[in-house]
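Here is the structure we will look at.
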Amino acid sequence: MKAAVISAIGEPFVVRDDLTLDAPLGREILVEVKASGLCHSDIYVATQAGLGTPVPIVLGHEVSGVVLEIGPDVTEFAVGDHIVACLDGYCGHCDRCLVGETNLCRNYPTGTQRTADQPPRLRLGGEPISQFSEISGFAEQVLLHENNAVKVPVEVPFPQAALLGCGVTTGAGAAINSAGIRVGDNVAVIGCGGVGLNTIQGAALAGARKIIGIDLLPDKLELAKKFGATHVVNPAEQDPVAAVRELTDGGVDHSFEVIGNIKQTLQQALGMLAPGGTAYVVGAQSPSQIMEISPAELLFNKTALRGVYMGGTNFKRDIPLYAELYLQGRFNLDDLLSRTIGIEDVNKAYEELAKGGIARSVITSF
Ligand SMILES: [Zn+2]
Ligand SMILES: [Zn+2]
């Protein structure tokens, strides 16, 4: 099959056609990929040398498609089902999974991987290569454990469905699951890209009072309003901390840092909190970034700083929920989708994503 391969960190994607997948074992499903979204995390992994990522590797983890074949122990899926893949797989039997907190699974990610005595799922030119996030979605097909996938209604178009697998769930889940926003809470979201727009949308669904979108790009601020921002702030024009404090009579209950890599914005997220508020780290930060925190400030303001990974999702519950709200016209996926591309365009699309203008490109032809 065909896939976009990274052979060395820092090198561009190369489309190759000499990849093979094993047949499904146990609880695995083989899926024909219909749409595969270009997430920031993939290009981050493709370019950051310090992460220890094994190469060659097939990246991509925001996938929708159709089940082609199922393993002998699969009970949840049938051939022909439409699915969305999610990298936040879980074992299903540890104490966290048993209470529904699959996002905190004690056996992540080994719970959905093959064991060392089993053949590898993916090969390149006949040689075994490791799967990225148990998915490797920049490819014509993927072979997944059933706890890395969820069924979605056939009425949801594949490109929109793919976005549910990472960006949407990360953003909306941060607001709904991790922050547990209540009716009347005030919220600020720093960074109005694909994930930030969904945090705004999640805050609106949860009944937040003021939702303040913060971004340097005017186009993104316009989009933020479409997703439910009641106010927008451009840090190029005004100090975002002062602006948020003024708009909310002293600060927000929840501030989300959705940019990553920029410690200045995380300091701002803490600075704009009302007493008792929480700042959430949502954007992927480089492991080398260190920030200074004043424990006295946390103490006297009774504030907190918390990391949120994949929106604290139980994805088998959340993705069908967002899909249904989309079909009801209450959840916006259409405006997240900038355009569909062919797999050969992946390098060019990532260059454009880096410039910041595009919400999301999705590969739909292979
Ligand atoms: Zn578990
Ligand atoms: Zn992602």
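Per residue, the average separation of C-alpha pairs within less than 8 Å and at least 6 apart gives the range 171-309 a relative contact order of 21 percent. Using a Gaussian network model of the chain in which every pair of alpha carbons under 10 angstrom is joined by a spring, one finds that among 93, 145, 40 the greatest mean-square fluctuation is at 93.
When only alpha carbons are used to place a centre, the range 258-293 and the range 159-226 end up 16 Å from one another.
Name the residues of the range 324-366 whose amide N is less than 20 Å from a point 7 angstrom out from the Cα of residue 18 along the C-beta direction? Those under the cut-off are 344. When each of 351, 76 is scored by the number of other beta-carbon atoms lying within 10 Å, the sequence from fewest to most is 351, 76.
Roughly how large, in nm² to one decimal, is the mean projection of the convex hull of the alpha-carbon atoms in the range 161-217?
3.7 nm²
The value obtained for the range 62-104, namely the Cα convex hull volume divided by the number of residues, is 87 Å³ per residue. Can you run the Rg to Rh ratio on the range 1-80? Use alpha carbon positions and the Kirkwood inverse-distance Rh. Computed over Cα atoms, the ratio is 1.03.
Sorted largest first, the principal axis extents computed over the alpha-carbon atoms of the range 171-309 equal 37, 31, 30 Å.
Taking every alpha-carbon pair under 8 Å whose residues sit at least 6 apart, the range 232-275 reaches a relative contact order of 41 percent.
For each of 7, 288, count neighbouring Cβ atoms within 10 Å of the residue's Cβ, then give the residues from fewest to most. It would help to have the intermediate numbers written out before the result.
Details: 7 13, 288 8.
With the fewest neighbours first, 7, 288 line up as 288, 7.
Residues 348, 355 in ascending order of nearby Cβ atoms (within 10 Å, fewest first): 355, 348. Our summary of shape: the Cα atoms of the range 118-167 have principal axis extents of 38, 20, 19 Å, ordered from largest down, in whole angstrom.
Rounded to whole Å and sorted largest first, what semi-axes of the equivalent ellipsoid does the C-alpha gyration tensor of the range 91-155 yield via the square root of 5 times each eigenvalue? Could the numbers behind the result be given before it?
Working: eigenvalues 120, 63, 14 Å².
Values for the range 91-155, descending: 24, 18, 8 Å.
Exceedance of the 23 Å cut-off in Cα-Cα distance is limited, within the set 210/302; 263/348; 210/263, to 263/348; 210/263.
Note on the chain: with a GNM built from Cα contacts shorter than 10 Å, the maximum mean-square fluctuation among 193, 171, 80 falls on 80.
Over the Cα atoms of the range 30-145, the radius of gyration divided by the Kirkwood radius equals 0.96; this is the Rg/Rh ratio.
Packing, taken as the mean count of other beta carbons within 10 Å per residue, orders the peptides 110-120, 198-208 from highest to lowest as 198-208, 110-120.
Which translational diffusion coefficient, to the nearest whole µm²/s, is obtained for the chain from the Stokes-Einstein equation, given a Kirkwood hydrodynamic radius over C-alpha pairs, 10 °C and 1.306 mPa s? Write down the numbers at each step before the final one.
Numbers: Rh = 20.9 Å.
Stokes-Einstein gives a translational diffusion coefficient of 76 µm²/s.
Given in Å, the Rg to one decimal and the Dmax to the nearest whole number for the Cα atoms of the range 260-340 are 17.0, 49.
Between 57, 180, 139, the Cα set farthest toward the positive side of the dipole of the chain (charges on each charged residue's Cβ, about the Cα centre) is that of 180.
Short-range pairs are left out: with C-alpha atoms under 8 Å and at least six residues apart, the relative contact order of the chain is 17 percent. With each label modelled as a point 7 angstrom along the Cα→C-beta vector, the residue 351-residue 217 pair spans 1.7 nm.
None of the figures in this text is laboratory data; all of them are computed from the coordinates on show. These numbers were taken from a predicted model, which means no experiment stands behind them. Because the Cβ atoms are built from the backbone with ideal geometry, glycine has one as well, and the counts that use them run over all protein chains shown.
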